[in-house]
1. Can you tell me which residue is farthest from residue A:44 (Cα to Cα) among those in the stretch A:263-279 that are modelled with pLDDT of 80 or more and buried (at least 17 other Cβ atoms within 10 Å of the Cβ)?
2. Please work out which residue is surrounded by the fewest Cβ atoms within 10 Å (Cβ to Cβ), limiting yourself to the stretch B:78-100 and to residues that are at the interface with chain A (Cβ under 8 Å from one of its Cβ atoms) and in a loop (DSSP other than H, G, I, E, B).
3. Scanning for something away from chain B (no Cβ under 14 Å) and either assigned to a helix (DSSP H, G or I) or under 20 Å from residue A:217 (Cβ atoms) (or both), does the stretch A:26-33 turn up at least one residue?
4. For the stretch B:153-180, how many residues meet the condition of being under 24 Å from residue B:128 (Cα atoms) and either within 14 Å of chain A (Cβ to nearest Cβ) or in contact with a Gly (Cβ under 6 Å, 6 or more places away or on another chain) (or both)?
5. For the stretch B:361-382, state whether one or more residues are among the acidic types (Asp, Glu) and either exposed (fewer than 13 other Cβ atoms within 10 Å of the Cβ) or over 18 Å from the mean Cα position of the chain (by Cα) (or both).
6. Quick one: residue B:75 ticks every box in (1) assigned to a helix (DSSP H, G or I); (2) closer than 20 Å to residue B:325 by Cβ; (3) not polar (S, T, N, Q) except a single one, so which number is it?
7. Please indicate, with yes or no, whether at least one residue in the stretch A:233-241 is within 14 Å of chain B (Cβ to nearest Cβ), surrounded by 17 or more Cβ atoms within 10 Å (Cβ to Cβ) and in contact with a strand residue (DSSP E or B) (Cβ under 6 Å, 6 or more places away or on another chain).
8. Among all residue pairs at least 6 apart or on different chains, which show Cβ distances below 6 Å where the first residue, located in the stretch A:111-130, is more than 14 Å from chain B (Cβ to nearest Cβ) and the second is buried (at least 17 other Cβ atoms within 10 Å of the Cβ) and assigned to a helix (DSSP H, G or I)?
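The values are calculated or read from the model by the stated rules, or taken from the named source; none is laboratory data. All of these numbers come straight from a predicted model, not from anything done at the bench. Virtual Cβ from ideal backbone geometry, glycine too; neighbours counted across all protein chains shown.
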Amino acid sequence: MIPLLDRPLVQFGLAVAVVLILPVTMRSGTLASEILIFGLAVAACNLLLGYTGLLSFGQGIFFGLGSYVAGLGLVRAGLPAPVVLLLALGGGALVAAAVGWVSIRRQGVYFVMLTLAFSQMFYFLAYTFSGLTGGDNGLLDIPRPRLGGTVLSGPWTYYAFVAVLFLALFAALQRVALSTFGRTLLAIRDNEARAGAIGYPVRAFKVAAFAISGAVTAFAGALHAMLIGVAPLSNIDYHTSETLLIMTIIGGTANLFASLLGAGAYLLAADALSAIWPRWLLLLGLLLIVITLFLQRGLWGLIERAVALVTRAPPPDDPAPDRPVAAAAREGDR
Amino acid sequence: MRDRRAFLKTSLTAGAFAASGLTLPGLLRGARAAEGPLVIGAPLPISGAFAANGKYASLGAAFAAQEAGSVLGRKVSIADIDTEGKPAPAARKVQEAMGQGTRLFAGGILSSEALVMGKEVTKGDGVFITTAGADEITGSDCNRGTFRWTVPTFGAIAQTVRPLIAQMPQAKRWYTITPQYVFGEGLLTAAKAVFQEKGVEHVGNSYHSLAEKEFSGYLTNAIAAKPDVLLLLNFGSQSSDALRQAVSFGLKKRMTIVLAWASGLEQFEALGADLCEGVYFGAQYWHGIDSPLNKALVAKVRETAKMTPNYSFAGSYQITRLLLDAAAKAGAADGPAVIKALEGLRYSGLTGEEEIRAADHQVIKDYYLLKGKAKSAMKDKDDFADVIQSGKSFLSPEAAGCKMA
């Protein structure tokens, strides 16, 4: 039986609750929008890391690509925002499929190194073709989208726009995770050799997971560029991949709502701590060490434990310490 | 670090109160009923790779605010905004600050963050003044709400390469090392134009990436080209690394080394006098500048905080002070009024007489050529260099590509 907190409707309900709570509890609509946007990108990263067991440093490529598609589409080509968002979705899927197709030919550390190499390659492509991307200065003057002739310039009006899209894509990712396709990804993650022996085309499944993840990440990148008015070079840097991975691990690789939790916790902590202490990243490092050592199910695992305490249900087990984080996601075990 | 920063801020605050000789002209102290504090946003890289610059810039802004006390009857306060040295958080946090009512911003050390913040502030009818380096800020991306204090690449080259060519007519072969992005290209283009005009041979150039730390390969290429002068066109830690490696390769004995865009005192402190001796540095600011405002600032900061203002401190101090002066002159602290007051403003600044050009919002000020002196010749611990030359060189707004909207 699926535990209460892991039920799809409960997960979606929690996402809706967060979307509704943020405007009530936060002063900054911009930060609230950023939480949802990164929540999407982290959920997409989770599909690879938590559901497929692929630790990819390539997510920044797709996030940056989405930002550039938004910039080029809106500023240079004058396309409407919905078309630009669809282009980001399609472009992200295509590039991710290509990156995935090459990278999955190797496993373990070699797979990770390949995604890192792609990440560096795309960064330098963006850096070199500065006429197209704006280089180090970024692609400036990206406008906010229009809705019914009104520009969504206010922070909370843009938040509402992002919130609707976030919930739609969150639901779509949930559908993917719960489908036969998603269950097969879990089987591949848990025992790739067995999944292959049963007859599943493992590589095709991995490439498809990459494509879906890349599409959603690029979509988030496009929304981010519209939020801040620029497609900065840093969006395609491998540091973005690293940040997305850190958010994923902080939230927990157990389910998709944990991704929103990870993105929110990271961004809120960064916002608060950076104003207090210039070396706040040290604290982040400490947090990561603690999570890796003692809370391998991330913040979501902590919530599960708290709920188990209240309901007197048996607490979820943390995975064995020597298991990699990717293999630590346990939803499929249930 | 936090303790030191807190100590410096406290000391500077106390010092600024006592700085009656530095009172800003035209400030209408207590003339109006209090309307709440006048908040100046200081978007600076307080954390991240450029945190050291951000720290001093934050102190400079705080000093200017404390010195002013109140403007238009409102107590001046500085709201530090940590940009993390990245354009995305910078844009987001400036949006947030504008959402909370802040309209005047002084900061932005890095070009990429300054460009995007200028656009954001302008969209919200605010004013942003920066010390960032990219030519585009008052060139192709100039806009109504953005002002820039620093001299662009054209002036930096004109005030370093030109006087050195005149001073060393026998040095006919120059080699350049350039970071391959917009800022580096700007410096290189300007340098090539001067070489061509003066009949100097440009014997080679090495491009490096923004992430480069190892310059030995480029320096080997430079040695092979047998130049008389090595011109470093990178900045910050990259120029320090390149200079360190050049000196350890023995290049200082073989050729003249020029660093066209130095970071000022903080860079000298990091490099040390032995390494800097005999090397030429281009600089936006130097604490030894002979101007009334600079002398007063240096004396007061030394007295109160036991430190000498460096470029990050002084630049931030100057631009914060400019915003406050303009608000006082305009009689209002809203964006359009302050913009109007800043355009065409002539004032006695840290580098002497300065003027804000209305057509592109570029401050017309001096750029300095320094020469590192021997440790034995230093009069105090900060006396790393002599000012060899200073002057104003600027492209016209049209030539810089500014089409003000």
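1. Filtering first and then ranking leaves A:273.
2. Among those that are at the interface with chain A (Cβ under 8 Å from one of its Cβ atoms) and in a loop (DSSP other than H, G, I, E, B), it is B:100.
3. Taking every residue of the stretch A:26-33 in turn, none turns out to be away from chain B (no Cβ under 14 Å) and either assigned to a helix (DSSP H, G or I) or under 20 Å from residue A:217 (Cβ atoms) (or both).
4. So the answer is 2.
5. Yes, that holds for at least one residue.
6. Going through (1) assigned to a helix (DSSP H, G or I); (2) closer than 20 Å to residue B:325 by Cβ; (3) not polar (S, T, N, Q) one by one, residue B:75 breaks only (1).
7. no
8. Pairs that qualify, where the first residue is more than 14 Å from chain B (Cβ to nearest Cβ) and the partner is buried (at least 17 other Cβ atoms within 10 Å of the Cβ) and assigned to a helix (DSSP H, G or I), are A:111/A:103; A:114/A:103; A:115/A:103; A:118/A:99; A:122/A:61; A:122/A:236.
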